[in-house]
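Just so it is clear, none of the values below were taken in a lab; they were calculated from the coordinates. Since the model is a prediction, treat every value here as computed from it, not as a measurement. Quick reminder, even Gly has a Cβ in these numbers, built from the backbone with ideal geometry, and neighbours come from all protein chains shown.
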Amino acid sequence: MNLWLIMIAAGVITYGLRLIFILLVGDREIPDDIKTGLYFVPPTVLTAIILPEVLFSGDKLQLNFGNFRLIASIIAVFVAWKTKSPILTVAAGMIILWVLQALFI
Amino acid sequence: MRPQFPEFISGLKAVLPILIGVIPFGMIYGVLALDAGMLPVQAQAMSSIVFAGSSQFIATQLIGGSVIGIVIVLTIVIVNLRHLLYSASIAPYFKNLSKTKKVFLAYFLTDEAYAVAIAHFRSLDREQSHQKQAKNNSEHLIIRSKYKYYYYLGAGFGLWSIWQISTAAGIYLGAIIPESWSLDFTLALTLIALVVPTFEDRASLIAALVAGLISVFAFTMPYKIGLLVAAFVGITAGVFLKKRL
């Protein structure tokens, strides 16, 4: 599919998600089960993206200490948990990766 | 001065501290989009057409990995599903507005604009109920409440502008930063920063681990549908756990 088409389709649907209740609803509520489901969207989707991104190099699983991105990610999780700061999390992870690359490559 | 103006400015001021954090995200997105092979004009257009940070990040990853289009669209939609919650939650505050205004305002409904606006709307609610109890109806509060959507618009427009500008800065930088800096890793790190605070209870953590493990095992599945399968099973596990725990 053409990249423009992908963008427009994704954009129109995303806009629809933003609009639908504002347009249709006075004060109708989302059913509880759907609300619970939506509550789990961010943790599950993001984790499902992050883990393979960090654990795979190309098509190969790299579950070892030679995987610098894995080490930097573990430290980043700790920093995110302690500081709740996105900027510090990204900075810590990048610095660890750069140091490991400088030392061992 | 028209009464809408101070409301707009208040909303803009309220979102300012958040904007400082948004700038690096926009720039990283711009860098990653070029990395993935998007044209500068496409990278910039996506920031207005989709206008949802984390889904744009993920899109760059899938576009770079030559995934089929329908899976990219579905993945973006899943990541953006949470906007339904914001839409339902903010709808009562916009219910007296015209259709045209609703259609326009909905475009600006992002995580940040929602968070800032809903806090303000709820505090207006509280002030109004206090005044009702005191039988003291201030003209000023009625006007502020009538034009409160300008507050939301101030926050939303501030965010939109900064998102466009920081995307452009990232696109510019992306063209000059060498690959050896491993800046693509900022994608995983940014998502880590976003996901860790969502582990609010045991159910979210377990649901996330289920989704994560499935997506690792399903990583070599065709068309990258592993992510969609993982999200679906993880969410189902979460709903199940929430009922049990």
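With bins 10 Å wide beginning at 0, the percent of Cα pairs of segment B:199-245 falling in each bin runs 32, 47, 18, 3. Note on A:Trp98 and B:Ser161: their simple-model spin labels are 3.2 nm apart, each label 7 Å out from Cα toward Cβ. With a 10 Å cut-off around each Cβ of B:24-35, the average count of Cβ atoms from other chains is 1. Dividing the convex hull volume of the alpha-carbon atoms in chain A by its residue count gives 194 Å³ per residue. Dimensions of chain B from C-alpha coordinates, computed as largest minus smallest value along each principal axis and given longest first, are 66, 51, 31 Å. Taking other C-beta atoms within 10 Å as the exposure proxy, B:Thr236, A:Thr14 rank B:Thr236, A:Thr14 from fewest upward.
Each eigenvalue of the Cα gyration tensor of the protein assembly as shown, multiplied by 5 and square-rooted, gives one semi-axis; in descending order these are 36, 23, 20 Å.
Within the same chain, lysines fewer than 8 places from A:Lys35 are excluded, and of the rest, those with a Cα less than 22 Å from its Cα are B:Lys95, B:Lys242, B:Lys243. For A:Lys60, a cut-off of 22 angstrom between C-alpha atoms picks up these lysines, skipping any fewer than 8 places away in its own chain: B:Lys224. By other beta-carbon atoms within 10 Å, ranking A:Phe65, A:Phe56 with the fewest at the front produces A:Phe65, A:Phe56.
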